[in-house]
1. Let me check I've understood the local charge: for Asp166, count other residues with C-beta under 13 angstrom from its C-beta, Lys and Arg +1, Asp and Glu -1. What total comes out?
2. Given +1 on the Cβ of Lys and Arg, -1 on the Cβ of Asp and Glu, and no further charges, what dipole in debye does the chain carry about its Cα centre, rounded to the nearest 20?
3. Could you compute Rg(Cα) / (2.2 N^0.38 Å) for the range 240-307, with N its residue count?
4. Counting each pair of different Cα atoms once, what's the Kirkwood radius of the chain in Å, rounded to one decimal?
5. On a 0 to 90° scale, report how tilted helix 336-351 is relative to the longest principal axis of the chain, with both axes built from alpha carbons and the result rounded to the nearest 10.
6. Calculate how steeply helix 66-75 sits against the longest principal axis of the alpha-carbon atoms of the chain, using the helix alpha-carbon long axis, and give the answer as 0 to 90 degrees to the nearest 10.
7. Between the range 237-297 and the range 196-222, what is the C-alpha centre distance in whole Å?
8. Enumerate the amide H contacts of Ala99 below 5 Å, restricted to partners 5 or more residues apart or on another chain; note that Pro and chain-start residues carry no placed amide H.
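The values are calculated or read from the model by the stated rules, or taken from the named source; none is laboratory data. In this text the structure is predicted, and so the values were computed from the model without any measurement. Here the Cβ positions follow ideal geometry from the backbone for every residue, glycine too, while neighbour counts run over all protein chains shown. To get the accessible areas, we keep the full protein, side chains included, count just its heavy atoms, and leave off ligands, DNA and RNA. Shrake-Rupley method; radii C 1.70, N 1.55, O 1.52, S 1.80 Å.
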Amino acid sequence: MKRRIVSIICAMACLTSLLTGCGNGSAKSGDTLTIFNYSEYLEPEMLELFTQETGIEVKYEEATTPEELYTKYKSGGISYDLICTSDYMIKRLIDEEEAQPVNFGIMSNSSNIGQKYWTMARSFDPDNTYALPYFWGTVGLLYDKTRVNGTPDSWSVLFNGDYSGDIIMQDSMRDSFMITLKYLGYSINTTDENELREAAELLTAQKPDVQAYLVDEARDEIVAGNAAMAVVYSGEAFLGNLYNPDLAYVIPKEGSEVWMDAWIVTKNCQNPDAAAKFLDFLCRKDVATANFEYIYYSTPNEAVIKSMDNELKNDPAVVPPDSCLENCEVCTQTDEATTELISELWKEIKAQ
């Protein structure tokens with residue numbers, strides 16, 4: 001069904017392009033954008049649609065993690081025009097003066113992004129100058145209702161031994177420390193060495209209870225019934241519930257991380273107007289809907305949210321209610337010394 005919907009969108013757009021002379025604005029045949037994004041994070045046919053409408057060719061590359069993306073970008077081997085990456089990495093790129101302001105003045109669809117998401121983005125782009133929100137979500141617990149007593153609404157279930165051997169943690173130092181810091185009552189962006197070492201001690205004590213440290217595979221293990229609960233990203237939780245209706249998702253009461261991925265125009269982009277056209281294209285309702293239905297992560301596009309059925313709107317993995325976000329924080333890039341300390345502590349935890 002999803003592929004059929006996308007095909008209909010593309011067919012309609014092709015007809016529109018024929019009637020309007022292939023898009024609008026001043027795009028010229030021969031213009032090219034080199035775009036860097038995460039793997040499977042954009043409906044591929046939307047790239048073809050953009051070229052059909054504007055005449056702007058797209059060279060498209062993918063990375064798996066923010067760190068991989070950053071390293072490849074900084075190597076300078078390829079001159080990228082647009083990058084989609086995560087909140088803390090965007091802040092790093094902005095601080096390093098690797099981004100240029102987005103020309104929002106020529107964008108007609110960016111108003112579809114809700115104000116609450118622009119506010120959220122200010123944690124890494126204080127004046128909403130450089131970044132366009134793309135997808136966002138939370139980190140929480142995906143659990144099997146047939147194997148867990150009640151609703152595990154506290155991170156304590158990961159540390160109290162009640163589900164020893166039935167827990168899957170994220171194989172990520174950032175996410176594992178985030179969970180532990182929130183449980184201890186600290187900020188996920190703390191730079192206090194004592195707080196970080198306390199979190200490391202708790203993660204070390206927890207390690208015998210952990211069945212595995214995984215990333216995307218965590219969802220699959222819960223779906224298959226191989227564990228009672230897993231720490232996952234909200235988009236993975238939604239898909240997990242589709243595959244196994246006995247699964248549910250919760251954001252623990254201590255709070256969690258609210259993450260946001262966004263687009264920036266690089267300092268080396270030679271055609272910022274073409275870049276702005278692409279970003280505006282992504283904000284258009286039909287395109288944003290196709291991308292949402294391709295990955296099912298939370299969208300900041302209010303036009304898409306309003307068109308959702310009530311089941312989707314009421315799913316906390318898709319549209320988390322404001323009440324669940326009260327104690328949540330956006331992760332920001334910490335100083336180099338703190339990052340090195342967390343990295344060293346994480347290596348010690350995994351080595352034991």
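1. Working: positive: Arg147; negative: Asp144, Asp162, Asp209, Glu221.
Spelling it out: positives minus negatives among the neighbours equals -3.
2. Computed about the Cα centre, the dipole is about 940 debye.
3. Details: Rg = 16.4 Å, N = 68, 2.2 N^0.38 = 10.9 Å.
Relative to the rule-of-thumb radius for its length, the range 240-307 sits at 1.50.
4. Averaging 1/r across every pair of different Cα atoms and inverting gives 21.3 Å.
5. Once rounded, one gets 50 degrees.
6. The angle comes out at about 50 degrees.
7. The range 237-297 and the range 196-222 have Cα centres spaced 26 Å from each other.
8. Lys267
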